[in-house]
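Inspection log for the structure reproduced underneath, given as structure tokens.
The values are calculated or read from the model by the stated rules, or taken from the named source; none is laboratory data. Computed from a prediction, not measured in an experiment: that's the story for all the values here. Cβ placement follows ideal geometry from the backbone for every residue including glycine, while neighbour counts extend to all protein chains displayed.
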């Protein structure tokens, strides 16, 4: 039962990264414009690289292939995106501030979830083998 629950949890947690990665790659021009608006350095490269990392990371976590590395990458990416894209502390409009704050903490929550996946995948302390890891 634990294996099935872990699989469902991995899939649900990864869906946002899978969908976002696809959008980053399929709508790169629009995403680049948004990244420029947010003053992201090298916005085109940032959109493409983050899209590939999200897509590969999500597949790694879902399929259990190097899930520990994939989870760490997605956790790091979530933290970087929270800090670069959702600067709620710089907003003066209350509605924009609230939206950015929600997105900021959503990203931190996703990072936390991926760190939990990493801990399980890297140590396999609960016997929930997720396939190959960076240590094997």
Tally, over the stretch 5-47, of residues that are in contact with a helix residue (DSSP H, G or I) (Cβ under 6 Å, 6 or more places away or on another chain), part of a helix (DSSP H, G or I) and either at pLDDT 95 or above or surrounded by 18 or more Cβ atoms within 10 Å (Cβ to Cβ) (or both): 18
Top-ranked residue in the stretch 64-114 [being surrounded by fewer than 16 Cβ atoms within 10 Å (Cβ to Cβ) and under 19 Å from residue 8 (Cα atoms); ranked as farthest from the chain's Cα centre (by Cα)]: 65
First in the stretch 33-48 and at negative phi and free of Cβ contacts under 8 Å to residues at least 40 places away in the same chain, second anywhere and surrounded by 14 or more Cβ atoms within 10 Å (Cβ to Cβ) and not in a helix (DSSP H, G or I), Cβ under 8 Å, 6 or more apart: 46/40
Options 69, 110; residue that is touching a helix residue (DSSP H, G or I) at 6+ places or on another chain (Cβ under 8 Å), within 25 Å of residue 24 (Cβ to Cβ), modelled with pLDDT of 95 or more and in a helix (DSSP H, G or I): 110
